[in-house]
Amino acid sequence: MSFAVCEYFIELFLFPSIKSHEALRFISGVGLGGVIIGEFLRKTGMITAGRSFTHCIRTSKKPEHQLVTWGIYRYIRHPGYLGWLVWSISTQ
């Protein structure tokens, strides 16, 4: 994430001709906004779930696992997946 943001601003300030057209600047801004929103959704889901969040797909319930129904999980069932989807589409 940090490298993508750095690349964006390096291009914007050091090579402004790359992003000279207003439409291209708008599209880049929308992409950057999507990257930030996607990262926010994913990280918020990870923090809210705490120990119940894992990067591995589970096929059985662990004893310490809890179903999280508060925070961002009250509105979005899978914020990690949605955040990753938004982030990955926005990088393109």
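Listed values, structure above:
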| quantity | calculated |
| --- | --- |
| In degrees, nearest ten, helix 22-49 long axis to first principal axis of the chain (Cα) | 20 |
| Max mean-square fluctuation residue, GNM over the chain, Cα-Cα springs under 10 Å, options SER17, SER28, SER60 | SER60 |
| Helix 2-14 vs. the chain, principal-axis angle (Cα, 0 to 90°, nearest 10) | 10 |
| For the chain, alpha-carbon Rg relative to the globular expectation (2.2 N^0.38 Å, N residues) | 1.40 |
| Cα-based radius of gyration of segment 1-50 once divided by 2.2 N^0.38 Å, which approximates compact folds | 1.41 |
| Filtered GluC sites (Glu not before Pro), the chain: DSSP coil and at most 16 other beta carbons within 10 Å | GLU64 |
| The chain - accessible surface per residue (Å², probe 1.4 Å) | 77 |
| Between 0 and 90°, nearest 10: helix 79-91 axis offset from the chain longest Cα axis | 20 |
| Mean Cα-pair separation over length for the chain, i.e. relative contact order, pairs under 8 Å, 6 or more apart, % | 39 |
| Carbon + sulfur, % of accessible area of the chain - ligands and nucleic acids excluded, 1.4 Å | 67 |
| Where ARG74, ARG25, ARG51 fall by accessible area, highest first, once all protein chains stay in place (1.4 Å) | ARG51, ARG74, ARG25 |
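The values are calculated or read from the model by the stated rules, or taken from the named source; none is laboratory data. Given the structure is predicted, the values throughout are model-derived calculations rather than measurements. Quick reminder, even Gly has a Cβ in these numbers, built from the backbone with ideal geometry, and neighbours come from all protein chains shown. Just so you know, the surface numbers come from the protein's heavy atoms only, side chains and all, with ligands and any DNA or RNA stripped out. Shrake-Rupley method; radii C 1.70, N 1.55, O 1.52, S 1.80 Å.
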